[in-house]
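Below: one structure, written as structure tokens.
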2 protein chains.
Amino acid sequence: MNKTYEQLMKRIEKVMAYQAALTLFEWDAETGAPEESMEYTSKTIGILSHEYFTNLINDDVKKMITKLGDEDDLDFNQKAMIKNLKKQFEQMEHIPPAEYQAYEELTAKASGIWSRAKQKKSFADFAPTLEEIINYQKKFASYRVKKDKKPYDILLNDFEEGFDSEKLDEFFKKIKEAVIPLLKEVSKKNDTVDKSYNYQKFEIEKQREFCKYLCGYVGFDFNKGVIAESAHPFTTNLHNHDVRITTHYNENNLESSIFSAIHESGHGIYEMHIDDVITQTPVGTGTSMGMHESQSRFFENMIGRSEAFWTPIFPKLKEMYKEQLKDVTLEHFIKGINKSAPSMIRTEADELSYPLHILIRYEIEKMIFEEDVKVEDLPKIWNKKYEEYMGMEPEDDSEGILQDIHWAGGSFGYFPSYAIGSAIAAQIYSYMESIMPIEQYLKDGNLTPIREYLNNHIHKFGATKNTNELLKDMMDEELNADYYIKYLTEKYTKLYNLY
Amino acid sequence: MNKTYEQLMKRIEKVMAYQAALTLFEWDAETGAPEESMEYTSKTIGILSHEYFTNLINDDVKKMITKLGDEDDLDFNQKAMIKNLKKQFEQMEHIPPAEYQAYEELTAKASGIWSRAKQKKSFADFAPTLEEIINYQKKFASYRVKKDKKPYDILLNDFEEGFDSEKLDEFFKKIKEAVIPLLKEVSKKNDTVDKSYNYQKFEIEKQREFCKYLCGYVGFDFNKGVIAESAHPFTTNLHNHDVRITTHYNENNLESSIFSAIHESGHGIYEMHIDDVITQTPVGTGTSMGMHESQSRFFENMIGRSEAFWTPIFPKLKEMYKEQLKDVTLEHFIKGINKSAPSMIRTEADELSYPLHILIRYEIEKMIFEEDVKVEDLPKIWNKKYEEYMGMEPEDDSEGILQDIHWAGGSFGYFPSYAIGSAIAAQIYSYMESIMPIEQYLKDGNLTPIREYLNNHIHKFGATKNTNELLKDMMDEELNADYYIKYLTEKYTKLYNLY
């Protein structure tokens, strides 16, 4: 092996160990840590982040990366590793270590502050922290601004290589033009689907059991993964043999935990199938938030909300909740789980109104970074946009601007990934339908060929290829939002017998 | 503040951050991590251990410690800190970092190997790993052997400052002479206590609820702590605001989880009341395993098995298990929870036979380190000693030599702490009875004055005073096993109407 590369990897191993520790602290904070622990634990997190940072961003590493950029005895994975490190380096090298540590300590505390503010439905309690986070993000982006690049574009590109607000403006324009009128048509017929069955009392212990079954059914491997509970469902991983998902149970809403569980399983299955050779390295994880989200949406929506998927397993759910589901047919259930019922809450949104939630966040993030909008004005702006696009306003901040944890974690430029993910999922599904009998597989309860195709064409590569490279190698075409528009239009036209 | 001290503390902060991360990985491995995660995670743990080690054990730190040892502008806590670091330094400075890292990776994997071997009841599956661990421990001890000191004495002193096998031989001799004949007398009357009520079916969900209530009742603060489940109950902590205990539920044994929960709460209460000023520093934890165990035993046995303790809360337990406990009176219950019924399993042992379990482990550890006994012969030796001291032999390795996790973690010299802890607890209880109306407090359901006394005389000091210093400052007497013998003799004579 290349000597310099070997040396570099020794350093990177250490960096990855800090990253794993930080991931575990984050997981723990969401799933198990005591209420009052974070004040002191944030000090530990600050120190580990500082070590992470200084071990990655330093002249030694820079020299090695530069040297290796010119060498050609590296294999495919090694080249991808160097490219990836170079990108991380460019992201971080101009941030002073002390600032980075202070920022990490801030965001470690912020999720607690956000969560308490949400409970109290009071944006004012979170605003000063959010403002601090935004100021850091602006400062960090300003260190990296080059000619022709705007700060928000830099953040967008961090989450999805090759994407900027120009591309996304166009992307969201298409969605806006197609989805808003479609949603209006659908809204007129909303009442034709009776979904009251979903809001009966469903014992949580049974939901737990069914969700665990479902995760396993779609392919989440419980030898290499666990499921826990948290306020906001998420997936994380230490490596490909340690993948963790959470869900959240609501006694009066059967669907909520079911589709969270399938969704997070999609994320989990991606991480579980990263190649052993690259796990515990910087490229040993999903290539982008958008591609990650495509896998969770693929399982949740394209597969998980289809009649074929439920055909073999709906009887099991009915058996479990005999009383509650005794009058619900499979056909009725499929209409129910696909019912468009625009709500204030993104994570509870149906597939059709979902991209509008993202559109709103995208527009607000752009305003924050490009128009210097005041933090205190954000709830007003938020509420106005909901009124405009969805015809409804939140009753309070907890179902408005405080609903998502992302900004508390400093994740700006992340939200668009959700819409990109849906679009990728629709595109992949459309292609896979053309090369294999997906529907038949689902009816047979045989998800293996579907999952294996994704394993072999997406998952195993980790971050050694970016989104468009993966798509191109798979179907000879880059991301194209038209598939998504077509998918939504056809699906909802059929479901609601429009036109 | 002293400049050198300040510098040193900057370094130590980093060391403590690694320690916190390692603690979290350990907690996670026992309570949440996926089955197959450890193979890769052990690499992370190895790296973090290496960082922990090299940041603590190096010439810079040594120079600072040496310099500070001679300075006299340090306050009480600072002096204790330097003394503590000096001790840690002496423990570790001669171990080559690569060996330490390899050893840490080994023990990270060992608990999984032990647990699978235990499940398979096959010592042979664990023996090679155990042998490796023992060899490391011998090697590490050999680096530190000075004149007049034997390797096992070095290990004993690590767990309890000032203790060696000479002192412990004497300590265990007293116990052997008193407990073996007492146990024989008691055995003759074992049948007079009917404890069948304890082995009915007790719904685990209710046990969970009752245990959580009990932990809170004795003073475990759930804002600064959590309770989880693990195969073997234990306590750990990241700092004084993050203390974690586990218990283990057995559907057919009511007592098992209850007394584990009280026991671990005792450990937890100790860690929760370490002074804020010293938490997240090397002296910000319990001073020794023995003193720690004294706190858990104090709550579990002296308090938790007394009639006064159960007087106000037994009705609640009866209410919870109406059917199962309907014929059980408080008096009957107290006899039941104190029934001497020697068993093969240490953690399920009654108070009287308990020290014999420890005696056996102590004698075997001595043989391992002083007589070079072969690992493969250990089960035979184990079984013979159980036959000799307790009149019974284990049916298989899982209830024999594989029952405890300690050796898989490399903890040799630890077991005696359990007996020392019981002895300290009896001594403290005897003293406290003479200065406050403990029994009345318990009957009134008012544990606060008892807990506060321990907080102020033991807990808050962390490791700034050692066991004998704490005892001396409290009652003007060092550890004296006679209180323990007297306590056991009086308690069991009364319970069984002996003589």
- [ ] Return the average number of partner chain Cβ atoms within 10 angstrom of each residue Cβ along peptide A:22-28.
- [x] 4
Task: Other copies of B:Ala124: label-to-label distances in nm, shortest first, labels 7 Å along the beta-carbon direction - done: 7.3
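Can you pick out the pairs among B:Lys176/B:Lys380; A:Lys86/B:Lys109; A:Lys195/A:Lys491; A:Lys150/A:Lys173 whose Cα atoms lie more than 25 Å from each other?
Values: B:Lys176/B:Lys380 21 Å; A:Lys86/B:Lys109 34 Å; A:Lys195/A:Lys491 18 Å; A:Lys150/A:Lys173 20 Å.
Over 25 Å Cα-Cα: A:Lys86/B:Lys109.
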TODO: Note down the relative contact order for the stretch A:3-136 as a percent, whole number, built from C-alpha pairs under 8 angstrom at least six residues apart.
DONE: 29
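Can you give the translational diffusion coefficient of the protein assembly as shown in µm²/s, computed by Stokes-Einstein from the Kirkwood radius over Cα pairs at 25 °C and 0.890 mPa s? Please report the intermediate quantities before stating the final value.
Working: Rh = 31.4 Å.
For the chosen part, D equals 78 µm²/s.
Compute the signed sum of charges (Lys and Arg +1, Asp and Glu -1) over the other residues within less than 15 Å, Cβ to Cβ, of B:Ser196.
Working: positive: B:Lys195, B:Lys201, B:Lys326, B:Lys335, B:Lys339; negative: B:Asp191, B:Asp194, B:Glu255, B:Glu323, B:Asp327.
Spelling it out: positives minus negatives among the neighbours equals 0.
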Open item on the list: Taking the solvent-accessible surface of protein heavy atoms with a 1.4 Å probe, what is the per residue accessible area of the protein assembly as shown in Å²?
Closed with: 41
Task: log₁₀ of I(q)/I(0) at q = 0.06, 0.13, 0.14 Å⁻¹ - chain A, Debye sum with one point per alpha carbon - done: -0.27, -1.43, -1.69
Open item on the list: Apply the Karplus curve 6.51 cos²θ - 1.76 cosθ + 1.60, θ = phi - 60°, to the phi angles in the stretch A:275-282 and return the couplings in whole Hz, x for Gly and Pro.
Closed with: 4, 3, 4, 10, 5, 6, 10, x
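Once neighbouring chains are kept in place and the probe is 1.4 Å, which whole percent of the accessible area of the stretch A:165-495 is contributed by carbon and sulfur?
46
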Task: Shielded by partner chains, the stretch B:32-49 residues - at least 40 Å² of accessible area, 1.4 Å probe, vs chain alone - done: B:Pro34, B:Glu36, B:Tyr40, B:Lys43, B:Thr44, B:Ile47
Task: Rotational relation A to B, axis-closest Cβ in chain A, residue and distance rounded to whole Å - done: A:Ala21, 2
Open item on the list: List, by residue number, every residue in the stretch B:214-262 with a reduction of 10 Å² or greater in accessible area between the chain on its own and the complete protein assembly, 1.4 Å probe.
Closed with: B:Asn223, B:Lys224, B:Val226, B:Leu238, B:His239, B:His241, B:Asp242, B:Arg244
Open item on the list: Heavy atoms of the protein only, probe of 1.4 Å, neighbouring chains included. What is the accessible area of A:Glu132 in Å², nearest 10?
Closed with: 90
- [ ] Have a look at the stretch B:3-136 and give its Rg and Dmax from the Cα atoms, expressed in angstrom.
- [x] 18.1, 58
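Please report the antiparallel percentage of DSSP beta bridges with both residues in the protein assembly as shown, rounded to the nearest 5. Spell out each step's value before the answer.
Details: 8 of 18 bridges.
The answer is about 45 percent antiparallel.
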- [ ] Work out from phi, with θ = phi - 60° and the Karplus expression 6.51 cos²θ - 1.76 cosθ + 1.60, the ³J(HN,Hα) of each residue of the stretch B:258-264, listed in order in whole Hz, and give x for Gly and Pro.
- [x] 4, 7, 4, 5, 5, 4, 5
Open item on the list: Pairs of alpha-carbon atoms within less than 8 angstrom and 6+ residues apart define the contacts here; what relative contact order does the stretch A:109-268 have, in percent?
Closed with: 15
Open item on the list: Give the aspartates and glutamates whose C-alpha is closer than 13 Å to that of A:Lys87, dropping any in the same chain fewer than 8 places away, or say none.
Closed with: A:Asp158, A:Glu160, A:Glu161
- [ ] Enumerate the calculated ³J(HN,Hα) couplings along the stretch B:396-412 in order (Karplus 6.51 cos²θ - 1.76 cosθ + 1.60, θ = phi - 60°), each rounded to whole Hz, writing x wherever the residue is Gly or Pro.
- [x] 8, 5, 5, 9, x, 5, 8, 5, 9, 7, 3, 5, 5, x, x, 8, 9
- [ ] Distances from B:Asn480 to the same position in the other copies: list them in nm, one decimal, shortest first, using label points 7 Å from Cα along Cα→Cβ.
- [x] 9.1
- [ ] Considering only protein heavy atoms, with the full assembly of protein chains and a 1.4 angstrom probe, order B:Met81, A:Met367 by accessible area, largest first.
- [x] A:Met367, B:Met81
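What net charge is computed for the residues neighbouring B:Ser42, neighbours being all others with C-beta under 9 Å from the C-beta of B:Ser42, Lys and Arg scored +1, Asp and Glu -1? Please list the in-between numbers first.
Working: positive: B:Lys43, B:Lys109; negative: B:Glu39, B:Glu104, B:Glu105.
Net of charged neighbours comes to -1.
Give the average, rounded to an integer, of partner chain Cβ atoms located within 10 angstrom of each Cβ in B:354-361. Display every interim value, and only then the final one.
Values: counts 0, 0, 0, 0, 0, 0, 0, 0.
Whole-number average of other-chain Cβ neighbours for B:354-361 is 0.
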Task: Most positive-pole-ward Cα, A:Trp382, A:Thr192, A:Val243, against dipole of chain A from beta carbon charges - done: A:Thr192
Open item on the list: Over the stretch B:165-495, what is the relative contact order in percent, taking alpha-carbon pairs closer than 8 angstrom and at least six residues apart?
Closed with: 22
Task: Buried area at the B-A interface (accessible, heavy atoms, 1.4 Å probe, summed, Å²) - done: 3200
TODO: From largest accessible area down, sort B:Met474, A:Met1; use a 1.4 Å probe on the protein chains.
DONE: A:Met1, B:Met474
Task: Threshold 50 Å², the stretch B:263-303 residues less accessible with all protein chains present than alone (1.4 Å probe) - done: B:Gln280
Task: Exam field: B:Lys138 pseudo-label spacings to other copies (7 Å along Cα-Cβ), nanometres - done: 6.7
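The values are calculated or read from the model by the stated rules, or taken from the named source; none is laboratory data. Keep in mind it's a predicted model, so treat the numbers as computed, not measured. Glycine also receives a Cβ, built like all others from the backbone with ideal geometry; neighbour counts cover every protein chain displayed. These area figures cover heavy atoms from the full protein model, side chains too; ligands, DNA and RNA do not enter into them. Shrake-Rupley method; radii C 1.70, N 1.55, O 1.52, S 1.80 Å.
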